[in-house]
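Student: Quick one: structure below, then a few questions.
The values are calculated or read from the model by the stated rules, or taken from the named source; none is laboratory data. The structure presented is a predicted model; accordingly, all values stated were derived computationally and were not measured. Using ideal geometry, Cβ is built from the backbone for each residue, glycine included, and neighbour counts are taken over all protein chains shown. Side chains included, ligands, DNA and RNA excluded: accessible areas come from the protein's heavy atoms. Shrake-Rupley method; radii C 1.70, N 1.55, O 1.52, S 1.80 Å.
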Amino acid sequence: MTRKGLLIDYDYCSGCMSCVVACKQEHGYPAGKWGIKVEEKVFMDPGKPDTVRIDYIPFPTEFCDLCAARTSKGDEPSCVKHCQAWCMYYGTIQELALLMEDKHRSVLYSR
Amino acid sequence: MAKTEEGVEIHKMGAWSPGPGCHGGCGVEVYVKDGKVIKVEGDKDHPWYNGRLCPRCLAMTQYMYHEDRLKYPLKRVGERGEGKWERISWDEAFDICETRMNELKEKYGPETMVFSQGTGRDVGGMLTLLAYSYGSPNWTMWGLSGHSCFTPQLAGGYVTQGEFTFPDAAQCLKERYKDPEWTPPKVTVSWASTLNRGCVDHYWSGFWFNDLMKQGTKLIVIDPRCTWEATRAALWLQPRPGTDGALALAFLNVIINEDLVDKEFVDKWCYGFDKLAERVQQYPPEWAEEITWVPKEKIIKAARMIGENSPASIEIGRPVEGNPDGTTVIMAIHQIIAITGNLDIPGGNLICRPAYQVTTYPYSTEEVIQLYGEDLHKKLSEKRIGADKYPLVKSFRAWAQEDVLIEAMETDKPYPIRGMWIQANNPLANQAQDTKRHYEAGKKLEFNVVVDTFMTPTAQLLADIVLPAGAFPEKDSVYCIGGPLNVIKKVVQVEECKSDWEIVFTLAKRFNPERVPWKDVKEMLDDRMQPSGYTFDQLAEKGWDLAPKGHPCGSTPYRRYESGLLRKDKKPGFRTPTGRVELYCTSYEKWGLDPLPSYKEITPESPITTPEIWKDYPLIMMTGRRSPVLFHSEHRQIPWLRECDPDPLVEINPDTASEKGIVTGDWVLIEGTMGKFKRKAKVTPIIHPKMIMVPHAWWLPETEGASPNNYGIWDLNCNQTIPMGHQDKSGFGGGPISGMLVRISKA
């Protein structure tokens with residue numbers, strides 16, 4: 001099984017947007033075309049302001065090719081390399097699924 | 001320099017402004033093909049950031065080759081604000097600047113010319129070279145009341161322990177977290193410091209907090225606004241804006257009364273502990289709860305977490321030093337760090353020096369003297385605006401005091417101000433408080449120059465000459481603050497742009513060839529890099545270096561005060577008059593200021609000081625939350641960045657918004673007692689119901705630059721509701737950048 005994917009440890013994603021711009025630079029995508037987009041999610045238990053939690057979730061779109069041109073040369077995808085929170089991982093789905101065991105909150109994208 | 005098979009050159013260098021608009025430090029790889037930058041990536045071999053990179057640096061190609069970049073020198077041909085410009089040559093531009101500035105000097109004296117810088121970049125070093133060569137002592141950041149950005153922090157550190165500090169995230173060690181001498185803090189405090197914005201406030205990266213948390217560090221967040229890190233913190237305190245000083249005093253009260261003090265350190269290395277202990281008795285947590293709105297249980301818990309866990313560290317964000325009594329608050333926080341024994345230990349707060357003592361931008365009095373000599377430093381105080389009024393302004397570094405300066409510009413007292421050189425700085429969109437007042441004063445001046453990368457509202461409204469500056473891959477320079485010594489090198493030429501260094505160097509040499517004895521910028525950099533043992537070209541080969549262990553400007557051995565590495569006379573101790581950390585500040589005593597920390601509610605408007613205004617203006621306005629993609633007034637025209645943070649927002653609590661029938665996306669009118677402006681609503685529970693947050697420095701480069709629109713600043717600028725003239729008694733620490741009272745309605 002060699003299918004590849006991206007694991008996001010979103011306990012640590014703080015919404016810095018480096019993955020977004022790294023992807024655009026790598027692929028030359030113009031404004032409006034996103035290979036990966038960071039969504040802000042704010043949830044709380046109504047009436048209990050102390051329970052507010054902010055999460056950021058990078059979402060790879062149809063225009064994400066897992067940086068095929070880079071990974072074929074053994075480099076990491078640009079988003080993974082430049083992630084300032086070091087919360088993105090690239091690998092086979094199996095490797096990444098194993099990594100998830102240690103993560104408090106994470107999400108695995110297959111491509 | 002490496003070269004790929006496709007003929008792409010890969011240049012390793014340090015990143016700094018112009019471009020990312022940052023405080024620098026990162027190592028990057030700049031990819032160049034056919035004389036053009038085609039990509040910028042992080043450099044994995046560089047210890048500061050290990051290949052990571054911020055979005056602003058990743059968007060460098062859009063920045064450098066943007067069609068709206070200033071490409072050649074411009075001369076104003078219409079009235080100021082009319083937006084009419086004519087292309088001129090560099091020779092003509094330099095001739096005009098030289099002639100007009102010399103005319104002003106003859107007529108009014110050299111002090112008539114003010115030199116205003118923005119933040120970041122190495123521009124402080126450049127401006128001092130130009131100002132002092134021309135003969136003016138008035139180096140400043142025009143309109144920023146009490147110089148409330150980093151200077152109160154530097155000055156507070158200077159009078160307490162002789163230096164400033166940052167939390168130790170192993171940033172001075174080549175092996176970083178793997179170095180056996182280093183240990184992660186058990187607790188670290190993010191005090192009004194926005195983690196996910198990277199380096200935007202200081203020479204310290206917010207993401208190191210992430211790295212520390214992954215290694216087990218517990219985070220305490222102090223912020224009136226719920227941030228991402230507040231939702232990840234072990235403890236979050238939500239004080240009322242402007243009351244950080246009360247919180248710090250209550251922490252001291254708990255730490256001292258519960259005996260959480262490092263006695264050995266205090267006995268051996270601190271001065272005046274008993275007096276401090278006596279003073280803080282009047283500031284128990286109950287007292288602070290009433291002022292700060294933070295429950296006393298949380299105050300006690302935070303103080304215990306800091307006092308009971310060693311090592312612990314505190315990162316101080318800009319809003320803390322921007323408190324009206326900013327320098328006092330900073331001194332109190334330094335006292336917390338010192339008495340808990342966390343100063344200059346692994347995982348504590350590191351005494352921070354420029355790499356190898358190489359100075360490009362003078363941050364301390366010592367560095368001003370290092371660059372310009374004792375005689376000039378003394379002479380600077382004779383006529384410098386504010387130096388006669390404020391002993392700390394006179395003694396620390398060499399700024400002109402902004403609140404006194406605007407009065408001088410209006411009254412011609414103590415002397416007329418008639419010209420301004422504005423570089424890497426967009427005050428009318430960004431830092432100048434009471435915007436119209438500054439515009440009126442700037443409009444009256446006889447000759448103004450703006451040096452920048454894009455046309456700005458400030459340039460449109462005030463400039464006679466506009467000079468185009470190069471981005472960082474277009475210049476030779478050096479970075480030296482906070483850890484590594486990085487080389488920045490010119491690898492491409494864009495249009496006719498010149499580096500900030502080249503511009504000031506050329507003109508400074510015309511004014512005073514003796515003060516600028518070097519042949520060119522590179523020779524000057526060689527000279528300034530001498531303490532490192534490298535020439536510019538030697539280090540350019542390598543890219544960067546850290547001072548080795550044992551060097552007084554590294555971080556190890558830790559506890560440099562023990563081994564005499566801090567003082568000029570090589571004696572153990574600190575660089576203060578008593579040689580100790582001054583909990584009782586002898587410098588303040590000498591200057592007639594209170595040598596111990598105290599708290600007074602001195603914000604011009606607040607629920608406590610002006611309850612009658614609070615009735616009609618029932619919300620506290622905070623400004624200046626950071627953006628990961630926009631640096632102060634920059635980057636609004638960069639498509640990849642703007643689309644990530646597209647709108648001039650106001651953040652409002654859902655209950656507050658629903659009372660006024662406001663939903664996300666509505667335009668909102670925000671009115672204070674001084675003026676009003678508009679913003680687009682973002683309704684979010686991260687904001688306290690009695691507060692709003694207004695991100696600062698918004699302008700719209702896509703709209704008309706000529707008057708009356710001026711890229712929308714008069715509609716959007718929150719500084720129109722923030723006054724000057726409420727600075728601390730020390731002269732530093734200032735205006736209520738957060739804390740003014742407002743009301744909102746649907747526009």
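Student: Does B:Leu376 meet the test of being of a type in the set (A, V, I, L, M, F, W, C), open to solvent by 10 Å² or more (accessible area, probe 1.4 Å) and in a helix (DSSP H, G or I)? Lay out the reasoning, then the answer.
Tutor: Numbers: of a type in the set (A, V, I, L, M, F, W, C): yes; open to solvent by 10 Å² or more (accessible area, probe 1.4 Å): yes; in a helix (DSSP H, G or I): yes.
In short, yes.
Student: Can you name the number of the only condition in (1) within 14 Å of chain A (Cβ to nearest Cβ); (2) in a loop (DSSP other than H, G, I, E, B); (3) out of contact with any Ser or Thr (no Cβ under 9 Å at 6 or more places or on another chain) that B:Tyr177 fails?
Tutor: All conditions pass for B:Tyr177, except number (2).
Student: Any residue in region B:206-228 that is open to solvent by less than 10 Å² (accessible area, probe 1.4 Å), away from chain A (no Cβ under 14 Å) and outside any loop (DSSP other than H, G, I, E, B)?
Tutor: Looking through region B:206-228, at least one residue is open to solvent by less than 10 Å² (accessible area, probe 1.4 Å), away from chain A (no Cβ under 14 Å) and outside any loop (DSSP other than H, G, I, E, B).
Student: Please enumerate the residues belonging to region A:1-46 that are more than 7 Å from every other protein chain (Cβ to nearest Cβ) and part of a strand (DSSP E or B).
Tutor: Across region A:1-46, the qualifying residues are A:Lys4, A:Gly5, A:Leu6, A:Leu7, A:Ile8, A:Ile36, A:Lys37, A:Val38, A:Glu39, A:Glu40, A:Lys41, A:Phe43.
Student: While we're on this one: So for region B:466-473 (the condition being closer than 30 Å to B:Pro552 by Cα and crowded, with 24+ Cβ neighbours inside 10 Å), does at least one residue qualify?
Tutor: yes
Student: Give the residues of region B:633-663 that are outside any helix (DSSP H, G or I) and of a type in the set (Asp, Glu), sorted by residue number.
Tutor: Of everything in region B:633-663, those that are outside any helix (DSSP H, G or I) and of a type in the set (Asp, Glu) turn out to be B:Glu634, B:Glu643, B:Asp645, B:Asp647, B:Glu651.
Student: Can you tell me which residue in region B:546-565 is farthest from B:Glu175 (Cα to Cα), limited to those that are aliphatic (A, V, I, L, M) and out of contact with any Phe, Trp or Tyr (no Cβ under 6 Å at 6 or more places or on another chain)? Show your work before the answer.
Tutor: In the first step, residues of region B:546-565 are kept if they are aliphatic (A, V, I, L, M); the result is B:546-547, B:565.
This time we only want the ones that are out of contact with any Phe, Trp or Tyr (no Cβ under 6 Å at 6 or more places or on another chain), so: B:546, B:565.
Numbers: B:Leu546: 11, B:Leu565: 22 Å.
The residue in question is B:Leu565.
Student: Now a separate question. From the set of residues in region B:659-716 that are of a type in the set (Ser, Thr, Tyr) and away from every other protein chain (no Cβ under 14 Å), which is least open to solvent (accessible area, probe 1.4 Å)?
Tutor: If we take residues in region B:659-716 being of a type in the set (Ser, Thr, Tyr) and away from every other protein chain (no Cβ under 14 Å), then B:Tyr711 is least open to solvent (accessible area, probe 1.4 Å).
Student: Right, another one. Quick one: how many residues across region B:578-589 are surrounded by fewer than 17 Cβ atoms within 10 Å (Cβ to Cβ) and touching a residue at least 12 places away in the same chain (Cβ under 8 Å)? Even if it seems obvious, please write down each step before you answer.
Tutor: Taking region B:578-589 as the starting set, the residues that turn out to be surrounded by fewer than 17 Cβ atoms within 10 Å (Cβ to Cβ) are B:578, B:586, B:589.
Within this subset, residues satisfying the condition of being touching a residue at least 12 places away in the same chain (Cβ under 8 Å) are B:578, B:586.
The number of residues fulfilling the criteria is 2.
Student: Just checking: which of the strands (runs of 3 or more DSSP E) contained wholly in region B:1-73 hold 2 or more residues that are within 14 Å of chain A (Cβ to nearest Cβ)?
Tutor: The strands (runs of 3 or more DSSP E) meeting that bar are B:27-33, B:36-42.
Student: Now for a separate question. So the check is Cβ under 9 Å with 6+ separation or different chains; which pairs have a first residue in region B:639-664 that's outside the structural domain of B:Met621 (by TED's automatic domain parsing) and a second one that's surrounded by fewer than 13 Cβ atoms within 10 Å (Cβ to Cβ)?
Tutor: As it stands, the answer is none, since no pair meets every condition given.
Student: Further question on the same structure: Could you check region B:457-482 and list, in sequence order, the residues that are closer than 26 Å to B:Glu103 by Cβ and not hydrophobic (A, V, I, L, M, F, W, C)?
Tutor: Of all residues in region B:457-482, those closer than 26 Å to B:Glu103 by Cβ come to B:458-469.
Scanning region B:457-482 gives B:Thr458, B:Gln460, B:Asp464, B:Pro468.
Student: Just checking, how many residues over region A:62-107 are among the hydroxyl-bearing types (Ser, Thr, Tyr) and closer than 29 Å to B:Cys226 by Cβ? First the steps, then the outcome.
Tutor: Step one: list which residues in region A:62-107 are among the hydroxyl-bearing types (Ser, Thr, Tyr), which gives A:71-72, A:78, A:89-90, A:92, A:106.
Right, trim to closer than 29 Å to B:Cys226 by Cβ and you get A:89, A:106.
Result for region A:62-107: 2.
Student: May I pose another question? Need pairs with beta-carbon distance below 8 Å; first residue on the phi > 0 side of the Ramachandran plot and open to solvent by less than 10 Å² (accessible area, probe 1.4 Å) and within region B:154-178, second assigned to a helix (DSSP H, G or I) and not aliphatic (A, V, I, L, M); sequence gap 6+ or separate chains.
Tutor: B:Ala170/B:Arg176; B:Ala170/B:Tyr177
Student: A further question on this structure: Conditions first: (1) hydrophobic (A, V, I, L, M, F, W, C); (2) open to solvent by less than 10 Å² (accessible area, probe 1.4 Å); (3) in a loop (DSSP other than H, G, I, E, B). B:Val491 passes all but one, so which condition is the exception?
Tutor: Among (1) hydrophobic (A, V, I, L, M, F, W, C); (2) open to solvent by less than 10 Å² (accessible area, probe 1.4 Å); (3) in a loop (DSSP other than H, G, I, E, B), the lone unmet condition for B:Val491 is (2).
Student: So, in region B:333-356, how many residues would count as being touching a Lys or Arg at 6+ places or on another chain (Cβ under 8 Å) and surrounded by fewer than 24 Cβ atoms within 10 Å (Cβ to Cβ)?
Tutor: So the first thing to find is which residues in region B:333-356 are touching a Lys or Arg at 6+ places or on another chain (Cβ under 8 Å), and the list is B:344-345, B:347, B:351.
Filter once more, keeping what is surrounded by fewer than 24 Cβ atoms within 10 Å (Cβ to Cβ): B:345.
Count: 1.
Student: Separate question: Evaluate region A:90-107: report whether one residue or more is among the aliphatic types (A, V, I, L, M), at pLDDT 95 or above and in a loop (DSSP other than H, G, I, E, B).
Tutor: The answer is no; no qualifying residue exists.
Student: Which condition breaks for A:Ser106 when tested against (1) within 19 Å of B:Asn196 (Cβ to Cβ); (2) more than 9 Å from chain B (Cβ to nearest Cβ); (3) free of Cβ contacts under 8 Å to residues at least 40 places away in the same chain?
Tutor: Only one criterion in (1) within 19 Å of B:Asn196 (Cβ to Cβ); (2) more than 9 Å from chain B (Cβ to nearest Cβ); (3) free of Cβ contacts under 8 Å to residues at least 40 places away in the same chain is unmet by A:Ser106, namely (3).
Student: A further question follows. Output the number of residues of region A:47-74 satisfying the condition of being open to solvent by 80 Å² or more (accessible area, probe 1.4 Å), within 12 Å of chain B (Cβ to nearest Cβ) and in a loop (DSSP other than H, G, I, E, B).
Tutor: Of the residues in region A:47-74, 2 are open to solvent by 80 Å² or more (accessible area, probe 1.4 Å), within 12 Å of chain B (Cβ to nearest Cβ) and in a loop (DSSP other than H, G, I, E, B).
Student: Select, from B:Ala387, B:Ala424, the only residue that is touching a Lys or Arg at 6+ places or on another chain (Cβ under 7 Å), on the phi < 0 side of the Ramachandran plot and of a type outside the set (Lys, Arg).
Tutor: B:Ala387
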